[in-house]
Structure formats: C-alpha cells, structure tokens
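The values are calculated or read from the model by the stated rules, or taken from the named source; none is laboratory data. This structure is a prediction, so every number in the text was calculated from the model and none was measured. Note: ideal-geometry Cβ built from the backbone for every residue, glycine included; neighbour counts use all protein chains shown. For accessibility, only protein heavy atoms count, side chains too; no ligands or nucleic acids. Shrake-Rupley method; radii C 1.70, N 1.55, O 1.52, S 1.80 Å.
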Amino acid sequence: MSCLKCVKPVSRKQLDWDTYFLDITKSVATRSTCLRVPSGVGAVLVLDRQILSTGYCGSIKGTEHCTEVGCLIDEVTGGCVRTVHAEINALIQAARPVKGATCYCSMSPCWDCFKALANAGVTRMVYAVEYRIIERQKMFAAQCGIKFEHLGTGVYTGSTKKKEER
C-alpha cells in the first residue's frame, strides 16, 4: 500500500528554452554597474540546456564602477570603456570549456565579444535586444557557421533613453 496521492495534472504552458534563458539574462543584467545601458546587459552561457556561467557588465576587479564615478566614454565609438562586457565576463567565469555552447544575451554581442565567443567555440548566439551596429557580426556568423539569432523585438540605438521597439 502506498500513502502517496496522485495529483491531477494541471495544464500549464512551459516556456521554451530560448525564452527561459533570455529571461535569465534580464535578471543577470540587474547586476550591471555600467550606466550606458540603463537596464544593464546580461549573458548566460548554456550547453545541453545547462547553464555553464553568467556574466554582466562591470568594471575590472578592484577598480571603481560607473555607478560610483560615471562612465568612461570612448569618443570614437560612443561606448563605455571602463567595463568588461557581459559576454566576456561569462567566458571568464566558465568552469569548463564552452565549445558548442549557446550564449544568451540581453543585448546582441559587440564585435569584440562576438570574436571572443566565436574563438571560444560558441556555436549559437541568441539575443533579445539588437544593438545599433551588428552587420559585421551577422556576416562573420554566416561565414563561421554560427547561428546569430534575434528573438526579441527591441532595438538599442545608443541613446541612454529606454530601448525602442520595432
């Protein structure tokens, strides 16, 4: 005899894996200390549906954060150079090789982050918000056989205003 009771199943829609991991990037992004993107930027490295590591935008260890002293803006690119990007921090934090992994990002990877992810063996990059400059990443992703997927509707134009929706 069993003292276990059966519970009738309840119909509940489960998130698909991409949406699930992109949602996690939003939580990770809340740790960002760079003010350039008000909502922050988060990244999650995933292999076989298991999270390998997370990363967010933050200053070099032991240095002051943008939230403390302000952003250090590059006059040529308009980007903050004080911070290490979320994707790079996720690679640094990974406890094992990431070859074949998917990188979920709250914002599309910049060119430098794309190169690092590609060289580390990441085979798929999925992002929610498209940054203003990504044509080079799209071209090289196609050449390298990397899936580069925009699953959101947001577009970031580089202003500090909230993201614009398409």
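Data for the structure
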read-out: Accessible area of the chain belonging to carbon and sulfur atoms, whole % at 1.4 Å probe; value: 55 percent
read-out: Directionally averaged shadow of the chain, computed from the convex hull of its alpha-carbon atoms, nm²; value: 13.9 nm²
read-out: Accessible area of segment 1-45 divided out per residue, in Å², using a probe of 1.4 angstrom; value: 80 Å²
read-out: Net charge dipole size for the chain [Lys, Arg +1 and Asp, Glu -1 on Cβ; Debye, nearest 20]; value: 620 debye
read-out: At q = 0.13, 0.21 Å⁻¹, base-10 log of I(q)/I(0) for segment 69-166 (Debye sum, equal scatterers on each alpha carbon); value: -0.47, -1.14
read-out: Ranked by how many other beta carbons lie within 10 Å on average, peptides 5-16, 116-127, 89-100 from highest; value: 116-127, 89-100, 5-16
read-out: Helix-only [θ]222 nm of the chain, DSSP H runs n ≥ 4, -39500 (n - 2.57) each, per residue, nearest 500; value: -7500 deg cm²/dmol
read-out: Charge-dipole axis of segment 1-106 as Lys and Arg at +1 and Asp and Glu at -1 on Cβ define it, positive-most pick from Cys103, Val69, Thr33; value: Cys103
read-out: Cleavage-rule hits (GluC sites (Glu not before Pro)) in segment 46-127: DSSP loop, at most 11 neighbouring Cβ within 10 angstrom; value: Glu75
read-out: Förster-model FRET efficiency, 41 Å R0, Thr63 and Asp16, C-beta, rounded to 0.05; value: 0.60
